[in-house]
Amino acid sequence: MGLKEVVYALVGVLGLGTLYAWYQFYKVVANKCDTCSVDLHQNPFKSKCFTGAVFFTLSMALAVWAAILV
């Protein structure tokens, strides 16, 4: 397994993680999240789910950039 295949696998894993993270944030916005610590009257953009979704999105963007360079 070469570097190119590893980078493509990384993009795939981060892509799935990004989709899952944004789905969890959607559940916070739709008030369907029963495990989140965000109160109903607080800003959902201050939730841990939003932070995780942004982190995964930035990580996936870096992995896509690496895939383009390989």
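FYI, it's all coordinate maths here, none of it is from the lab. In this text, all values refer to a predicted model and were calculated from it rather than measured experimentally. Neighbour counts run over all protein chains shown; Cβ positions are idealised from the backbone, glycine included.
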Seminar exercise, completed: Given [x] 18.4, 66; [y] 11.2, 33; [z] 15.0, 50 as possible values of Rg and Dmax of the Cα atoms in Å, the one from the coordinates is [z]
Seminar exercise, completed: Rounded to the nearest 10, the angle in degrees between the Cα long axis of helix 48-69 and the longest principal axis of the Cα atoms of the chain comes to 10 degrees
Exercise. Stretch residue 34-residue 8 to full length: gain in nm at 0.36 nm per residue minus the Cα-Cα span?
Worked result: 5.9 nm
For this session: Counting other beta carbons within 10 Å of each Cβ, put 33, 49 in order, fewest first.
Result: 33, 49
Exercise. Across the chain, how many lysine pairs separated by 8 or more positions, or lying on different chains, have Cα atoms within less than 29 Å?
Worked result: 4
Problem set entry | At R0 = 22 Å, FRET efficiency that the Cβ-Cβ distance of residue 46 and residue 26 yields, to 0.05 | 0.85
Exercise. What 222 nm value per residue comes from the helices of the chain, counting each DSSP H run with n ≥ 4 as -39,500 (n - 2.57) and dividing by all residues, nearest 500 deg cm²/dmol?
Worked result: -24500 deg cm²/dmol
